[in-house]
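Let me begin by presenting the structure, written as structure tokens, before commenting on it.
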Amino acid sequence: DVRGAVEYAAHNGLKIAVRSGGHNPLGPSLRDGGICLDLSALTDIRIDASKRIASIQTGARSMQLINALAPHGLCFPTPHCASVGMGGFLLGGGLGWNHPYRGGVATFNIEAAELITADGKRVLASADENPDLLWAVRGGGPGLFAVVSRMHLKVYAAPKTILVSSYILPLERLDTLTAELDRISPQADPKLEILAVLMHDPTAPPNAPPEQSKMCFLSAFAFADTADEARLMLAPFEGSAIAERAVSKEENQPFDFARLYPTFFGTDKPGGYLGRYACDSAFTDQPGEILHAL
């Protein structure tokens, strides 16, 4: 079907945009006067636990991959939202759960990809076969010059323990948050993921003044083999000014991947995108400076 659509587009002089989950707020899968090739129904996932390879069609969602890997004691740096299509996420780079400890940005875990090229050929891109195409797949994003129908991903042993400490501070205490982040993060364990968000308090009315509605939300996620190891990773926050000046805090809370999604990133379900976000993200080693800029 994908080949047929590509050949039809070529024959009729139509440009193609490809959609896996439709999660990108910029809408790059929309193409006036062309074809939107929607792969969201291609969700097959196959796990080879002995080789630690997940073979997924590009319409599979992050939560579907997590659920398929869990019985094998495996995981992947999946997106932070349950409904994200893996195709677009991986092609665009992919800042997934605890990605520094699992191969870096998620796209570097693509071992091979099955492609339909612009001339309708079906090819495999791997280190041994069409390696130039594999290079292009790893970061090609919505501008990739082929349609990816399946990816073969390197997967990892799942953490035996996930503990989370979360803190809420009013926006006026941003200086406290950023000073402590700049102090703690350079020495943090690589299995610790630190997430800092500036946001509108969801319990405040939309028209509430900033001093009553804007807040700093920080969560530290410890992915570890034991609870003792996880608590040690989170300890720098417990004794910090962030904890001292927080208006709300929950420390060393146990989680698994299935509960992380609805707790921290809404309740959207595979196939639906129920939220509207006005947001941006920064990939940086200067978190304090970036937060002040935001």
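Residues checked against (1) among the aliphatic types (A, V, I, L, M); (2) at pLDDT 95 or above; (3) under 20 Å from GLY143 (Cα atoms):
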| site | (1), (2), (3) |
| --- | --- |
| HIS23 | no, no, yes |
| SER29 | no, no, yes |
| ASP44 | no, yes, no |
| ALA68 | yes, yes, no |
| ASN98 | no, no, no |
| GLY120 | no, no, yes |
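Select from region 132-151 the residues that are open to solvent by less than 50 Å² (accessible area, probe 1.4 Å) and either of a type in the set (Gly, Ala, Ser) or within 24 Å of LYS191 (Cα to Cα) (or both) and list them in ascending order.
Residues of region 132-151 that are open to solvent by less than 50 Å² (accessible area, probe 1.4 Å), as a first pass: 133-134, 136-137, 139-141, 144, 146-151.
Correct list: ALA136, GLY139, GLY140, GLY141, ALA146, SER149.
Can you list residue pairs whose Cβ atoms sit under 9 Å apart, with the first residue in region 280-294 being closer than 10 Å to ALA196 by Cβ and at pLDDT 75 or above and the second being open to solvent by 90 Å² or more (accessible area, probe 1.4 Å) and assigned to a helix (DSSP H, G or I)? Count only pairs 6 or more apart in sequence or on different chains.
Cβ pairs passing all conditions: GLY288/ASP175.
Every residue, every condition in (1) in a loop (DSSP other than H, G, I, E, B); (2) touching a Pro at 6+ places or on another chain (Cβ under 8 Å); (3) of a type in the set (S, T, N, Q); (4) within 28 Å of PHE283 (Cβ to Cβ), yes or no:
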| position | (1), (2), (3), (4) |
| --- | --- |
| ILE194 | no, yes, no, yes |
| THR203 | yes, no, yes, no |
| GLN212 | no, no, yes, no |
| MET215 | no, yes, no, yes |
| PHE221 | no, no, no, yes |
| ALA230 | no, no, no, yes |
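In region 78-119, which residue that is closer than 26 Å to TYR8 by Cα, of a type outside the set (A, V, I, L, M) and part of a helix (DSSP H, G or I) is least open to solvent (accessible area, probe 1.4 Å)?
Ranking the qualifying residues of region 78-119, first place goes to GLY87.
Return a yes/no flag: does region 9-22 have any residue that is open to solvent by 60 Å² or more (accessible area, probe 1.4 Å), touching an Asp or Glu at 6+ places or on another chain (Cβ under 8 Å), among the charged types (D, E, K, R) and touching a residue at least 24 places away in the same chain (Cβ under 8 Å).
yes
Give region 224-260 a look and list any residue that's open to solvent by less than 40 Å² (accessible area, probe 1.4 Å) and either over 22 Å from LEU169 (Cα atoms) or of a type in the set (Val, Ile, Thr) (or both), or say none.
ALA224, ALA227, ALA230, ILE242, PHE255, PHE257
Of the numbered conditions (1) in contact (Cβ under 8 Å) with a residue 24 or more places away in the chain; (2) of a type outside the set (A, V, I, L, M); (3) part of a helix (DSSP H, G or I), SER29 satisfies every one except a single condition; which is it?
Result: SER29 passes all but (3).
Given the criteria at pLDDT 95 or above, within 30 Å of MET215 (Cα to Cα) and of a type in the set (Val, Ile, Thr), does VAL148 qualify?
Numbers: at pLDDT 95 or above: yes; within 30 Å of MET215 (Cα to Cα): no; of a type in the set (Val, Ile, Thr): yes.
In short, no.
Of the residues ASP201, ASP175, ASP182, ASP189, which is touching a strand residue (DSSP E or B) at 6+ places or on another chain (Cβ under 6 Å), open to solvent by 30 Å² or more (accessible area, probe 1.4 Å) and farther than 29 Å from ILE16 by Cα? Reasoning before the result, please.
On the way: ASP175 fails: touching a strand residue (DSSP E or B) at 6+ places or on another chain (Cβ under 6 Å); ASP182 fails: touching a strand residue (DSSP E or B) at 6+ places or on another chain (Cβ under 6 Å); ASP189 fails: touching a strand residue (DSSP E or B) at 6+ places or on another chain (Cβ under 6 Å).
One residue alone meets the criteria, ASP201.
The values are calculated or read from the model by the stated rules, or taken from the named source; none is laboratory data. Please read these numbers as outputs of a predicted model, since none were measured by experiment. Glycine gets a Cβ as well: all are built from the backbone with ideal geometry, and neighbour counts include every protein chain shown. Each accessible area value is taken on the protein alone, full model and side chains, heavy atoms only, with ligands, DNA and RNA left out. Shrake-Rupley method; radii C 1.70, N 1.55, O 1.52, S 1.80 Å.
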